[in-house]
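Below: the structure, in structure tokens.
What follows is calculated from the coordinates using simple rules that are stated; it is not laboratory data. Treat the numbers as computed from the prediction; the structure is a model and nothing was measured. All Cβ positions, even for glycine, are placed from backbone atoms using ideal geometry, and neighbour counts span all protein chains on display.
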Amino acid sequence: MKSKIATFLIVPSLTALILSLCGCFSGPYMMEEPKNPMTSLVFGYMDMSEAPVGLGWIIMHQLQPESKEPYYFFPISDGMFYCDLVEPGIHKFEEFGGYGYRTEYTFNFPQGKNELDPVIERPGIYFVGSYKYKKVETGFFEQGKFSIAKTDWPTEKELLERLLEFAGDTIWKKRIMDRMAEIDK
Amino acid sequence: MEKADHGQDGGDRQMKVLSFFTALILGIFLLCGCISSRDFTGNMNNIDKDKIILVGSIELVPPLKPGEQNIKAALNWKEYENTIIFSLGEQIVTEKNSLSNLSQYLKVKIGETFYVEQKYSNKLYISAPCIWIETTGSGGAKFLYLPGPFLIEPPSGCKVIYIGKIRYHRDIYNGITKIELIDEFDAAKQDAEKKYNTSIDMCRARLKVSG
């Protein structure tokens with residue numbers, strides 16, 4: 001499974017790089033008991049209602065510390081993206097996209113640090129925000145443009161509730177519930 | 001285009017074929033009419049009447065790390081390795097770089113002094129500077145975009161013109177945090193005279209941030 005995804009996405013280019021996959025994608029990805037006590041759960045939401053495709057993938061790059069597997073390929077569930085294997089460090093979301101009919105759409109996040117790029121110093125649960133892909137009007141023959149705007153919905157708590165479905169009986173379930181209780185305070 | 005992880009028969013083979021053609025197309029794009037950015041090779045004291053030689057360099061701090069550029073899917077990737085691509089001409093180019101328009105641009109090695117022959121104009125612009133950082137699986141390209149444009153006003157009657165060094169500072173996210181315009185005229189003149197083995201009547205035209 002991993003090799004097929006890698007072939008599809010990166011063989012033409014990122015031959016030297018390996019994606020860190022948060023599990024396989026034959027069904028909804030279920031979180032695992034952390035093998036590494038330093039890993040964090042990172043999640044957010046991208047509203048693609050103005051995009052030509054739904055959210056099919058989102059990739060985050062671990063910039064520091066350097067890693068042989070610096071890319072995180074986030075599982076997606078109806079616009080929500082999440083990954084429970086994120087190591088401490090400085091991270092940048094690089095691109096997202098989706099699959100249309102015989103067309104793959106890739107959108108790059110703007111160069112430089114963006115609001116959703118997490119800096120993770122200690123293990124925990126990190127909500128990077130909810131965002132909306134906004135289409136920018138261009139001329140008929142011009143390349144399509146877009147912007148990304150932060151939105152208030154879904155809220156962190158709403159997404160945490162959705163994440164419970166994928167936490168099973170792992171420690172993540174308790175951590176998610178603790179976080180929800182913290183928000184309610 | 002089916003997702004490979006759906007496990008369709010032959011998915012791997014299809015993707016490998018796709019990858020091959022992606023690389024082939026990239027190669028064809030990049031072989032078509034690229035402007036050579038090789039240093040001027042003529043006589044520095046006998047430059048064509050309507051031409052000038054621009055001398056300068058562009059630096060990136062910190063420099064590209066080994067493996068940071070992933071462009072080896074292109075047939076002539078070496079031409080773009082550790083290279084800054086930019087437009088030099090009378091017009092400011094605002095178009096974002098893509099693989100299909102790279103042929104219009106000059107290419108100079110990062111940190112190395114260039115000696116570029118250019119048709120004289122009293123206003124010239126360095127615009128759309130960038131570094132081709134990656135080819136993507138979908139056959140596209142990612143660029144590290146650098147701020148510009150810069151205006152050059154070559155003094156009339158001057159044939160060899162030192163424009164200075166542009167030093168771009170970047171952060172870990174590839175955000176450009178600072179631009180320095182550095183004048184190393186004396187060293188540049190000395191290097192040029194050594195390179196061309198002749199004394200050169202070089203003058204200076206300081207770059208100006210434009211736009």
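Figures for the structure shown
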{"read-out": "When each of A:Lys92/B:Lys65; B:Lys109/B:Lys142; A:Lys113/A:Lys174; A:Lys35/A:Lys157 is checked by Cα-Cα distance, pairs over 21 Å", "value": "A:Lys113/A:Lys174; A:Lys35/A:Lys157"}
{"read-out": "Alpha-carbon radius of gyration plus Dmax, which is the widest Cα pair, for the stretch B:71-211 in Å", "value": "16.1, 51"}
{"read-out": "Fully extended contour minus Cα-Cα distance, from A:Lys135 to A:Lys157, at 0.36 nm per residue", "value": "5.2 nm"}
{"read-out": "Radius 10 Å from Cβ of B:Gly164, net charge of other residues (Lys, Arg +1; Asp, Glu -1)", "value": "+1"}
{"read-out": "Exceeding the 19 Å Cα-Cα cut-off - candidates B:Lys119/B:Lys194; B:Lys51/B:Lys123; B:Lys78/B:Lys165; B:Lys119/B:Lys178", "value": "B:Lys119/B:Lys194; B:Lys78/B:Lys165; B:Lys119/B:Lys178"}
{"read-out": "Added length on full extension, which subtracts the Cα-Cα distance from 0.36 nm per residue, B:Glu153 to B:Lys194", "value": "12.2 nm"}
{"read-out": "Ascending count of other beta-carbon atoms within 10 Å, so fewest first, for A:His91, A:His61", "value": "A:His61, A:His91"}
{"read-out": "Which of A:Phe127, B:Phe185 has the fewest Cβ neighbours within 10 Å, and the rest in rising order", "value": "B:Phe185, A:Phe127"}
{"read-out": "Candidate aspartates and glutamates for bridging to A:Lys135, where Cα separation is under 12 Å - those fewer than 8 sequence places away on the same chain excluded", "value": "A:Asp47, A:Glu50"}
{"read-out": "Shielding of A:93-105 by partner chains, average beta-carbon count, 10 Å", "value": "2"}
{"read-out": "Relative packing of A:146-152, A:92-98, which averages over residues the other C-beta atoms within 10 Å, highest first", "value": "A:92-98, A:146-152"}
{"read-out": "Relative exposure of B:Ser103, B:Ser57, B:Ser87, judged by other C-beta atoms within 10 Å (fewest first)", "value": "B:Ser103, B:Ser57, B:Ser87"}
{"read-out": "Residues A:Lys145 and B:Leu75, FRET efficiency given R0 of 22 Å [Cβ-Cβ distance, rounded to 0.05]", "value": "0.15"}
{"read-out": "The stretch A:29-184: radius of gyration over Cα atoms, expressed as a fraction of 2.2 N^0.38 Å", "value": "1.07"}
{"read-out": "Average beta-carbon neighbours from other chains, 10 Å sphere, peptide B:142-149", "value": "2"}
{"read-out": "Shielding by partners - mean other protein chain Cβ count within 10 Å, residues of A:107-118", "value": "3"}
